[in-house]
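*Asks:* The structure is given below, and queries will be raised subsequently.
The values are calculated or read from the model by the stated rules, or taken from the named source; none is laboratory data. Keep in mind that this is a model prediction, so the values were computed, not measured. Cβ placement follows ideal geometry from the backbone for every residue including glycine, while neighbour counts extend to all protein chains displayed.
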């Protein structure tokens, strides 16, 4: 990977991470000691900034990197080994039925 491509890729990943952190900050806004309208405006501004940073990160890092980054944030993929080993796609009853048909 050329140096210029590598640096833009890193910039894209950094922007993706920063956008994720900014997406999480509105969870803290209700605890601020400011007026309700200010909280609403701050939340809206933060979410717009996070969205802009996310798409800028997609532009610099590439579509595939953004897709992989989003898959890391998906709670379904947090179970270790489930996706990489291909386990968990069959239920135990499916396995038993397959075993029963081989025996007869």
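*Asks:* Kindly indicate which of 7, 19 is surrounded by 15 or more Cβ atoms within 10 Å (Cβ to Cβ) and either part of a helix (DSSP H, G or I) or without any contact (Cβ under 8 Å) to a residue 40 or more places away in the chain (or both).
*Replies:* Only one candidate passes the filter, namely 19.
*Asks:* If only one of 37, 98 is in a helix (DSSP H, G or I), exposed (fewer than 14 other Cβ atoms within 10 Å of the Cβ), more than 25 Å from the chain's Cα centre (by Cα) and modelled with pLDDT of 90 or more, which one is it?
*Replies:* Exactly one of 37, 98 is in a helix (DSSP H, G or I), exposed (fewer than 14 other Cβ atoms within 10 Å of the Cβ), more than 25 Å from the chain's Cα centre (by Cα) and modelled with pLDDT of 90 or more, namely 37.
*Asks:* Considering each residue of the stretch 68-95, count those that are modelled with pLDDT under 75, touching a helix residue (DSSP H, G or I) at 6+ places or on another chain (Cβ under 9 Å) and either within 30 Å of residue 5 (Cβ to Cβ) or part of a helix (DSSP H, G or I) (or both), and give that number.
*Replies:* Adding up the residues that qualify gives 2.
*Asks:* Given the options 65, 50, name the one that is assigned to a helix (DSSP H, G or I), in contact with a helix residue (DSSP H, G or I) (Cβ under 6 Å, 6 or more places away or on another chain) and in contact (Cβ under 8 Å) with a residue 24 or more places away in the chain.
*Replies:* 50
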